[in-house]
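Enquirer: Here it is, the structure in full.
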């Protein structure tokens with residue numbers, strides 16, 4: 001199966017582009033973990049992963065190129081940034097996308113993530129996304145977990161994360177899960193209940209706090225709230241673009257039913 005995925009990688013022309021001026025962190029005896037975030041429901045993945053990049057002062061090490069992705073660049077404080085970037089600190093890596101994917105590009109993105117994991121001996125992946133909740137709760141949003149391999153089941157239990165038991169998964173989430181459930185690299189998906197049509201800072205805070213537990217790092221809740229409000233204003237256009245992408249391709253985000 002790994003050979004088949006490798007062939008698909010080249011036929012789809014997905015590749016990792018490293019920054020020539022920067023070097024990857026040295027290999028450590030500890031296992032390497034990859035966090036993945038991209039625009040989806042409530043922009044939960046985008047917000048939470050962006051916050052951790054800044055909070056941990058992670059180092060930008062390169063970009064991920066996916067063929068057929070429309071030419072897009074972002075400018076932040078005078079710096080030109082690619083839409084899909086890679087960051088690193090010690091044994092923690094991040095791939096974050098600032099552009100949403102339709103189903104066609106989602107499959108290519110998933111294969112590019114797989115290629116990165118093989119090249120950098122990643123041992124496990126944590127994917128952060130939003131989940132449309134049919135029944136809104138008065139006590140705030142909840143977070144649920146889903147794993148592709150039994151080896152990560154204990155992580156859910158140890159961090160008191162209830163398992164996502166019933167529902168449907170579509171789009172980029174499904175593309176990544178479909179690729180990695182056939183490999184030996186386990187994936188944990190964290191789904192925070194959120195609003196489907198608006199940036200959801202409350203859901204993002206739940207995701208960040210949960211990530212902090214899993215990664216065993218300390219997080220200041222007040223600091224999160226201040227930065228999340230700023231991100232919500234900055235990413236209004238991204239939320240609109242994400243909704244258009246999901247609606248045009250009739251892609252649905254995960255739902256949980258109770």
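Enquirer: What's the FRET efficiency of residue 184 with residue 76 using the Cβ-Cβ distance as r and R₀ = 30 Å, to the nearest 0.05?
Expert: After rounding to 0.05, the efficiency reads 0.25.
Enquirer: Further, regarding this structure: Using the Kirkwood radius over Cα pairs, work out the Stokes-Einstein diffusion coefficient for the range 26-169 at 25 °C and 0.890 mPa s, in µm²/s as a whole number.
Expert: 146 µm²/s
Enquirer: Quick one: 181, 85, fewest Cβ neighbours within 10 Å first, how do they rank?
Expert: Least crowded to most crowded, the residues run 181, 85.
Enquirer: Still on this structure, I have one more. How far apart, in nm, are two points set 7 Å out from the Cα along the Cα-to-Cβ line at residue 215 and at residue 89?
Expert: So the label points at residue 215 and residue 89 sit 0.7 nm apart.
Enquirer: Something else about it: Binning at 10 angstrom from zero up to the longest distance, how are the C-alpha pair distances of the range 95-229 distributed in percent?
Expert: 11, 40, 38, 11, 0
Enquirer: List 194, 117 from most exposed to least, where exposure is judged by having the fewest other Cβ atoms within 10 Å.
Expert: 117, 194
Enquirer: How would 168, 204 line up from fewest to most surrounding beta-carbon atoms within 10 angstrom?
Expert: 168, 204
Enquirer: What does the extension gain come out to for residue 67 and residue 222, with contour length at 0.36 nm per residue minus their alpha carbon separation?
Expert: 51.8 nm
Enquirer: Let me ask something else. Taking Cα centroids, how far is the range 28-87 from the range 148-180 in Å?
Expert: Distance between centres, Cα-based: 21 Å.
Every number here is computed from the coordinates shown, using simple stated rules; none is lab data. From a predicted model like this one, the values you see are computed outputs, not experimental measurements. All Cβ positions, glycine included, derive from the backbone under ideal geometry; neighbour counts span all protein chains shown.
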